[in-house]
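Beneath this line is the structure, given in structure tokens, with notes to follow.
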Amino acid sequence: LLETQAGIKRELLARAFRLLILHHDGLRLRFREGENGWEQTCSPTDDSLPFSVEDLSKIEDGEQEAIERIARDVQQSLNITDGPMLR
């Protein structure tokens, strides 16, 4: 979960996120259980970007449910076998 200042440019943040994924192979790892135990592979880079922006600026201070729901949905979408490992 990343909180940013108002007015940040989404395109620049997405570009930084893409460069982070390209630079750190560990963020592209995939894990499968094989005959000899767990095996890891590094997925190739592609044009997909597991990045999204949720504008929570209109949410009242006491409305944590919205943030928790979004965080839960994102966490449930992660997949160590097929990716992505982060979103």
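As a test of the formula, what do you get for the chain when each DSSP H run with n ≥ 4 contributes -39,500 (n - 2.57) and the sum is divided by the residue count, at 222 nm and rounded to the nearest 500 deg cm²/dmol?
-10000 deg cm²/dmol
Residue by residue, what Karplus-based ³J(HN,Hα) values in Hz, rounded to whole numbers, does region 11-28 have, using 6.51, -1.76 and 1.60 with θ = phi - 60° and x for Gly and Pro?
Karplus values, whole Hz, x for Gly and Pro: 4, 5, 5, 5, 5, 4, 5, 4, 5, 4, 5, 5, 6, 9, 4, x, 7, 10.
Mind checking the dipole of region 1-59: about its Cα centre, +1 per Lys or Arg Cβ, -1 per Asp or Glu Cβ, Debye to the nearest 20? Mind showing how you got there, number by number?
Details: 8 positive and 10 negative charges, 60 e Å.
Using Cβ point charges on Lys, Arg, Asp and Glu, region 1-59 gives about 280 debye.
Please give the length that would be gained between I59 and Q5 if that part of the chain were fully extended, namely 0.36 nm times their separation in residues minus their C-alpha to C-alpha distance (nm, one decimal).
Taking 0.36 nm per residue and subtracting the Cα distance, the gain is 17.9 nm.
Per q in 0.14, 0.15, 0.17, 0.23 1/Å, what log10 I(q)/I(0) does a Debye calculation on the alpha-carbon atoms of the chain return?
Here the Debye-derived log intensity ratios amount to -0.63, -0.70, -0.84, -1.20.
Just check region 36-87 against the gyration tensor rule for me: Cα atoms, a ≥ b ≥ c as the square roots of the eigenvalues, rounded for a/c under 1.5, and otherwise prolate or oblate depending on whether a/b exceeds b/c.
It comes out oblate by the Cα gyration axes.
A short reminder: the numbers here are calculations on the coordinates, not readings from a lab. In this text, all values refer to a predicted model and were calculated from it rather than measured experimentally. Cβ sites come from the backbone with ideal geometry, for glycine too, and all protein chains shown count toward neighbours.
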